[in-house]
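Working notes, structure below.
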């Protein structure tokens, strides 16, 4: 009986922990200082607009590190990344929120 209670408590604790855990990519960018995100294969650009030159082309699944984000004049969120190259990547091209 005691083993069943301990097992049930362990399952319940695991369920609670997994239900409250939030992946870093799901956290809101407001006030965030940066973090790693996964690319879906978009370009890193020289500025925060679609018309800017491509600095580096990421591959699907490649990790990028961002240190800030901003919304450009068109209303799109862009992340400033420093790895694997320095520049700007559109929020729709990484696992961070738009």
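The values are calculated or read from the model by the stated rules, or taken from the named source; none is laboratory data. Predicted model only: the values in this text are computed from it and were never measured. Note that we place each Cβ from the backbone using ideal geometry, even for glycine, and neighbour counts take in every protein chain shown.
Side notes on the structure shown:
- Check on residue 83, farther than 19 Å from residue 98 by Cβ, free of Cβ contacts under 8 Å to residues at least 60 places away in the same chain and within 17 Å of the chain's Cα centre (by Cα): yes
- Inspection of region 37-49 identifies at least one residue that is in contact (Cβ under 8 Å) with a residue 12 or more places away in the chain, surrounded by 14 or more Cβ atoms within 10 Å (Cβ to Cβ), within 14 Å of the chain's Cα centre (by Cα) and farther than 14 Å from residue 97 by Cα.
- Which numbered condition residue 98 fails, given (1) outside any loop (DSSP other than H, G, I, E, B); (2) modelled with pLDDT under 95; (3) surrounded by fewer than 15 Cβ atoms within 10 Å (Cβ to Cβ): (1)
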